[in-house]
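Please treat every number below as a calculation from the coordinates, not as lab data. Because the structure is a prediction, the values reported are computed rather than measured. A quick note on method: Cβ atoms are made from the backbone with ideal geometry, for glycine too, and the neighbour counts reach across all protein chains shown.
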Amino acid sequence: MAGESSVKSVRGMNDLLPGQIETWQRVEAAVREVSCRYGYREIRTPIVERTDLFRRSIGEQTDIVEKEMYTFADNNGDSLTLRPEATASCVRAGNEHGLLHNQTQRLWYVGPMFRHERPQKGRYRQFHQFGIEALGWAGSDIEAEVIAVGERLWRCLGIRGLTLEINSLGSVAARAKFRDALKAYLSEHVDALDTDSQRRLERNPLRILDSKDQGTQEVLDSAPSLSDFLEKGERENFERLQRLLTTVNIAFSVNTRLVRGLDYYTGLVFEWTTDQLGAQSAICAGGRYDGLVEQLGGRPVPAAGFACGLERLIELVTLQGEETPIQSPGVFVAALGDLAELEAIRHAESLRDAGIDAQVNCGQGNLKKQLRRADNSGAQVAVIIDDESVDTSTVKLKPLRGQGEQSTVPTIELLAAVRSITDLSD
């Protein structure tokens, strides 16, 4: 109805427009190439899952479950949630379809996730993640492989300057002992903690280690260290991982305060960060989650993986990498007259059959206007067809990017002529 305001996108959920999408496609192609190189296979899970899946996996007392999930009741009264992450979905699918019964699986995924956060640069309510899940392997060798996948992706995309930090959270038992010791220590300094840390003290004190508040960090300087609570085997595995990373020339540092915001992590955790994107420094994070498969109803299966935010990764690619070419047709076909339009469509289809991208002028217009459209399309050459061309079975070829002068060629030589003046090929 006239006078009504236009409908706009939901806050924090963004359109990806032509001119932007080419970089996304380039990154997604690199994701596929690198994942396949390590033997990972793609899995696609639903965007909507039962809410209980995330409550059981991520944890009732995490920020994600408490206040960030998009949860609703469907027409049957079932509680459903737009997935805030994909690891739980991959494990659910593995259990449901028998992929983990006496089997190992290397899986990768890419797609949209949803969290109701305050939108800011690099953090949106609909965001996209690439991730890998290695299901069925215990030990530090698979952990080193998971990290190596990320390292190779950065190199493939030409990204430099990322910092890798690693830590070991230990077993559930070791972490419980550390949790009690940390809670007892912080309770003696509660007044010096920031508001969020005070709130977390009773329910999830390990998350205080991740606080960015300067005063809280000063309190943590004298706090117990998780590494002191690791069992001998856990320390040895963590040390072996460090030797493996050194062997393949992956630089890292140990950060004993590194924790993850999801309850299912056990043992190794890691994070790649950058100082080039402001406050949103984390690019990719992951670790080991050996208890999750059993927690979601399967048999005990060791597992490790990571998730990478594509919005931040693509921002880094844009800042550091080579400019991604805009998608353009190789050939623009201009048509002057009714018969010429028929011939234009026929020749364009022949060029496409030969593997050449061709765009046909639509909407008529004089030659000057059509050539302007051809130039704006980014095409390398314009094929011009008019009544004379139809009568003589010829076409005119006009190079648009400085490859020579306009010429007239027989229509049967069109494909060869196009290829002779461009770098187009099958």
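Per residue of the chain, the DSSP helices (runs of n ≥ 4 H) give a summed -39500 (n - 2.57) that works out to -11000 deg cm²/dmol at 222 nm. In a simple Cβ point-charge model (Lys, Arg +1; Asp, Glu -1; nothing else charged), the chain has a dipole of about 540 debye relative to its Cα centre.
What is the Rg over Rh value, at two decimals, for the range 183-236, using alpha-carbon atoms and the Kirkwood definition of Rh?
With Rh from the inverse mean 1/r over Cα pairs, Rg/Rh is 1.03.
Hey, what angle do you get for helix 338-353 against the long axis of the chain, alpha-carbon based, 0 to 90 degrees rounded to 10? For helix 338-353, the angle is close to 50 degrees.
May I ask you to work out the translational diffusion coefficient for the range 71-209 at 10 °C, viscosity 1.306 mPa s, via Stokes-Einstein with Rh from the Kirkwood sum over Cα pairs, reported in whole µm²/s?
Stokes-Einstein gives a translational diffusion coefficient of 83 µm²/s.
Spin-label model, Ala173/Thr318: points 7 Å from Cα along the beta carbon direction are separated by 5.0 nm.
If you stretched the chain out fully between Lys121 and Cys156, how much longer would it get, using 0.36 nm times the residue separation minus the C-alpha to C-alpha distance?
10.2 nm
Look at the dipole of the chain built from charges on Cβ: of Leu201, Asn255, Tyr70, the Cα furthest out on the positive end belongs to Leu201.
Quick one: if the Förster radius is 45 Å, what FRET efficiency do Ala282 and Lys369 give, using the C-beta to C-beta distance and rounding to 0.05? Computed FRET efficiency for Ala282 and Lys369: 0.35.
Modelled label positions at Ser350 and Arg44, each set 7 Å beyond Cα in the direction of Cβ, lie 3.7 nm from each other. For the chain, the longest principal axis of the Cα atoms and the long axis of helix 21-37 meet at an angle of about 60 degrees.
Take every DSSP beta bridge whose two residues both sit in the range 331-421, then give the antiparallel share in percent to the nearest 5. Here the share of antiparallel DSSP bridges comes out near 50 percent. Relative to the compact-globule estimate of 2.2 N^0.38 Å, the Cα radius of gyration of the chain comes out at 1.28.
Eigenvalues of the Cα gyration tensor times 5, then square-rooted: what semi-axes does that give for the range 377-422, in whole angstrom, largest first? Before the final figure, lay out the partial values.
Working: eigenvalues 67, 25, 13 Å².
Rounded to whole Å, the semi-axes are 18, 11, 8.
Per-residue packing, averaged as other Cβ atoms within 10 Å, sorts the ranges 51-59, 356-364 into the order 51-59, 356-364, beginning with the highest.
Exposure proxy ranking for His128, His101, His189, based on other Cβ atoms within 10 angstrom of each Cβ and starting from the fewest, stands as His101, His189, His128.
Over the range 138-254, what number does the Rg to Rh ratio reach, with both radii from the alpha-carbon atoms and Rh per Kirkwood?
Value, to two decimals: 1.05.
Taking max minus min of the alpha-carbon positions on each principal axis, the range 268-426 gives extents of 76, 39, 29 Å, largest first. Computed across the range 331-421, the Kirkwood hydrodynamic radius from all distinct Cα-Cα pairs reaches 12.7 Å.
Between the C-alpha center of the range 76-128 and that of the range 337-408 there is a gap of 47 Å.
Please determine, in degrees from 0 to 90 and to the nearest 10, the orientation of helix 367-377 with respect to the longest principal axis defined by the Cα atoms of the chain, where the helix direction is its Cα long axis. The angle comes out near 20 degrees.
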